[in-house]
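Read through the structure below, which is laid out as structure tokens, and then see the notes.
What follows is calculated from the coordinates using simple rules that are stated; it is not laboratory data. Because the structure is a prediction, the values reported are computed rather than measured. In this analysis, Cβ positions are derived from the backbone assuming ideal geometry, glycine residues included, and neighbour counts consider all displayed protein chains.
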């Protein structure tokens, strides 16, 4: 299973950057995680909009969903148009972005499916299990498995034992780390630091940690160092174009 980072900025894109967006591919099947702003143009350098098989959305904040609109427009206005795109998301997460166009424009381009905590969904050769993790909106962490390889994505989340259970022994943990050292008091328990993600990776026994969603102004090198001080495995920071082979073998 292959993970390609389309964007990993938190909140809003840095100059030349993109917010959360991650392409997962296995056996010719492609799933987009969180179409955040700036990710659609990067996606289409890798595959046509019509070739995407499914979308998974962790939660409805705009930095995780806004580029669903151009993705669906590209499919809706194609001639001939591809089949409706299955988009799996928590209840009500998509309503604002789907309302950006006049009624009916995108109806034939999208097939919305509610994503529920604790339920397992099969998407082609991939299985997905969701778990609710703490954030300001309903946020679902996602455990994505195929052929013995496992990727876990946090969405945006404060620290939680539920994450340790979801990520247990995963090959790769793709984890929000909005801040390097300290989460502001107003968001305490609802977002995480890079050091906390190092603790999460160690506790869950994952093979590799990829930090993402750093807010503009936070230093990627410092974030990596904080996580690496608390987790002995490989640590990366998400950047557009980074490719991770999930299940390619753990470091010895």
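Values as computed for the structure displayed
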| read-out | value |
| --- | --- |
| Residue order, fewest to most surrounding Cβ atoms within 10 angstrom, among 25, 203 | 203, 25 |
| Euclidean distance between Cα centres, the range 62-93 to the range 146-186, Å | 25 |
| Residue-averaged 222 nm ellipticity for the chain, from DSSP H runs of 4+ at -39500 (n - 2.57), nearest 500 | -4500 deg cm²/dmol |
| Relative contact order [Cα under 8 Å, 6+ residues apart], the chain, whole percent | 18 |
| Likely footprinting exposure, 144, 5, fewest C-beta neighbours within 10 Å first | 5, 144 |
| Full-stretch length increase - residue 100, residue 199 - with 0.36 nm per residue and alpha-carbon distance subtracted | 31.7 nm |
| Pair-distance profile P(r), taking every C-alpha pair of the chain, with 10 angstrom steps and integer % | 8, 34, 39, 16, 3, 0 |
| Rounded to 5, percent antiparallel among DSSP beta bridges of the chain | 55 |
| Computed E for residue 114/residue 12 - FRET, C-beta separation, R0 25 angstrom, nearest 0.05 | 0.35 |
| Residue exposure sequence - 1, 187 - by fewest surrounding Cβ within 10 Å | 187, 1 |
| Inter-label distance for residue 181 and residue 165, nm, one decimal - labels placed 7 Å from Cα along Cα-to-Cβ | 3.5 |
| Theoretical gain in end-to-end length, residue 127 to residue 221 [0.36 nm per residue, Cα-Cα removed] | 30.5 nm |
